[in-house]
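Below you'll find the structure, written out as structure tokens, and then a few comments.
The values are calculated or read from the model by the stated rules, or taken from the named source; none is laboratory data. Fair warning: this is a prediction, and the values are worked out from it, not measured in the lab. Cβ placement follows ideal geometry from the backbone for every residue including glycine, while neighbour counts extend to all protein chains displayed. Protein only, heavy atoms only, side chains kept; ligands, DNA and RNA dropped before computing areas. Shrake-Rupley method; radii C 1.70, N 1.55, O 1.52, S 1.80 Å.
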Amino acid sequence: MKVAIVGIGIHKFGRTEGVSGRDQGAYAARQALADAGVEFKDIHFAYGGSDSAGNADTLVSDLGLTGLPFVNVANGCATGGSALTSALSRIRAGESDLGLVVGFDKHPRGAFNARPEDNGLGRWYGETGMMVTTQFFAMKIQRYLVEHSLPKNLLAAVAAKAFRNGALAPHAWRRTPLTEDEILNATMVSDPLTQYMFCSPAEGGVALVLSRADRAHRYTASPVFVEAAELRSRQFGSFEVFSPWVPPQRADGPTVTASRAAFETAGIGPADVDVAQIQDTEAGAEIMHLAETGLCKHGEQDSLIRSDATEIGGSIPVNTDGGCIANGEPIGATGLRQVYENVVQLRGAAGDRQVPGNPRVGFTHVYGAPGISACTVLTR
């Protein structure tokens, strides 16, 4: 049974003083319900996630005590993608016809404070500083750039695009464009990644209303169909965040396996994608994930990006709302923000950041610790 997204809602990302994460999630949920023309009492079930702002099921106190099954989801930065995948399964199984998926967070300032013990690691891993993931991402992109003969300044090109696109997105946090030189000359955090090449922990909320596809037009004149949503974890031999070792034989990471499964399920290939949202925890992640998702080959990123192919008006627009670099990362909401952005794009309602040419196929990819990727393929 096919599933459609019939309602979307978002609370502005960034820092919202005096507004709790739960309040931001409730705001997004009310927007999504209104967009679908339904009330919370009409919803049959809900899945939701938050990392730092409490359990998502507490939203019933704000939205209505209707007794519906509301499942809390926690899966690192892939929480939103995991919640969506779970909700799709319930509708596809014929258990329910109309559901809500919501993610929100409100992280404190500073780096994420993950504990080694919660990720199957000894305390030594934190004592060496590796739980501050800037070091992991720096090591991974250092090796990748060398292996594929890519220049370091490509990182600044990716980040500059993020800030340009974020300036066009009302829900984005960082809306001031920066030049490549400003980004390259900013404070070095973990070589080769400077301050403005990273995203930051943030706040925000996103909600989606899902229905059976054959009933979608009851709720909207512009449904977007979920052709595939796939989630994968790491394999033996893949080098992932919070995995402090790697054997001589490498294996494909979860981004490769999740994206491949999503395209196979959808019957659509990477060449068919009109707009893509890709996890960019830092600029190097976007570069690597472009190839890992099949949107280009390894080593092609320099020519692809420098030809403006990944710009809003290019052949494969990527992170059209600025991605994590411009929006920040509220863990519970990030994966759903990507889906929200693609729905807006496929509806043709993205305003100044609208992808031209009547896009019909959208792809999303979110990645999280300790090596989890979730990918979706959307069509209209």
TODO: On a C-alpha basis, how far is the centre of the range 148-176 from the centre of the range 53-117 in Å? Whole number, if you could?
DONE: 29 Å
Task: Kirkwood estimate for the range 40-155, i.e. one over the average of 1/r between Cα atoms, Å - done: 17.2 Å
Task: Residue-by-residue Karplus 3J(HN,Hα) for the range 132-141, coefficients 6.51, -1.76, 1.60, Hz, glycine and proline x - done: 7, 5, 4, 5, 4, 5, 5, 4, 5, 6
Open item on the list: At most 15 other C-beta atoms within 10 Å and a DSSP loop state: those are the exposed GluC sites (Glu not before Pro) I care about. Give me the longest piece of the chain that has none.
Closed with: 96-299
TODO: List the relative contact order of the range 9-96 as a percent without decimals, with contacts defined as Cα pairs under 8 Å and 6+ residues apart.
DONE: 26 percent
TODO: Give the angle, between 0 and 90 degrees and rounded to the nearest 10, that separates the Cα long axis of helix 283-292 from the longest principal axis of the Cα atoms of the chain.
DONE: 70 degrees
Open item on the list: Tell me which trypsin sites (Lys or Arg not before Pro) from the range 104-162 have a DSSP coil assignment and no more than 10 other beta carbons within 10 Å of their own.
Closed with: Arg109
TODO: Run the accessible area of the range 241-299 with a 1.4 Å probe and give the carbon-and-sulfur part as a rounded percent.
DONE: 49 percent
Open item on the list: So if I place +1 on the C-beta of Lys and Arg and -1 on the C-beta of Asp and Glu, and nothing else carries charge, what would the dipole magnitude of the chain be about its Cα centre? I want it in debye, nearest 20.
Closed with: 400 debye
Open item on the list: With a cap of 15 neighbouring Cβ atoms within 10 Å, and only residues DSSP puts in a loop, list the trypsin sites (Lys or Arg not before Pro) found in the range 249-303.
Closed with: Arg250, Lys297
Open item on the list: No partner Cβ under 4.7 angstrom, meaning no disulfide-compatible partner by this rule: which Cys of the chain qualify?
Closed with: Cys77, Cys296, Cys375
- [ ] Please give the length that would be gained between Thr179 and Arg215 if that part of the chain were fully extended, namely 0.36 nm times their separation in residues minus their C-alpha to C-alpha distance (nm, one decimal).
- [x] 8.3 nm
Open item on the list: Can you pull out the trypsin sites (Lys or Arg not before Pro) in the range 9-54 whose DSSP state is coil and whose Cβ has at most 13 other Cβ atoms within 10 Å?
Closed with: none
Open item on the list: If each DSSP helix of 4+ residues adds -39,500 (n - 2.57) and the sum is divided by the residues in the chain, what number results at 222 nm, nearest 500 deg cm²/dmol?
Closed with: -9000 deg cm²/dmol
Open item on the list: Given an 8 Å cut-off on Cα distances and at least 6 residues of separation, report the relative contact order of the range 94-209 as a percent.
Closed with: 38 percent
Open item on the list: About the Cα centre, and with charges only on the beta carbon of Lys, Arg (+1) and Asp, Glu (-1), how big is the dipole of the range 107-220? Nearest 20 debye, please.
Closed with: 480 debye
Task: Whole-Hz couplings from phi, Karplus 6.51/-1.76/1.60, listed for the range 4-19; x for Gly and Pro - done: 10, 8, 10, x, 9, x, 8, 9, 3, 8, x, 10, 10, 4, x, 10
Open item on the list: Just want the answer: with Cβ charges of +1 for Lys and Arg and -1 for Asp and Glu, which residue in Thr220, Gly253, Gln277 is farthest toward the dipole's positive end in the range 212-287?
Closed with: Thr220
Task: Extension gain, Arg360 back to Met188 (0.36 nm per residue minus Cα-Cα distance, nm) - done: 57.9 nm
Open item on the list: How big is the chain along each principal axis, measuring the range of its Cα positions in Å and listing the largest first?
Closed with: 54, 48, 41
- [ ] Over the range 217-295, calculate the relative contact order: mean separation of alpha carbon pairs under 8 Å at least 6 apart, over the residue count, as a percent.
- [x] 27 percent
Open item on the list: Which residue, Asn75, Gly48, Leu33, has the largest displacement toward the positive end of the dipole of the range 8-92 when charges sit on each Cβ (Lys, Arg +1; Asp, Glu -1)?
Closed with: Asn75
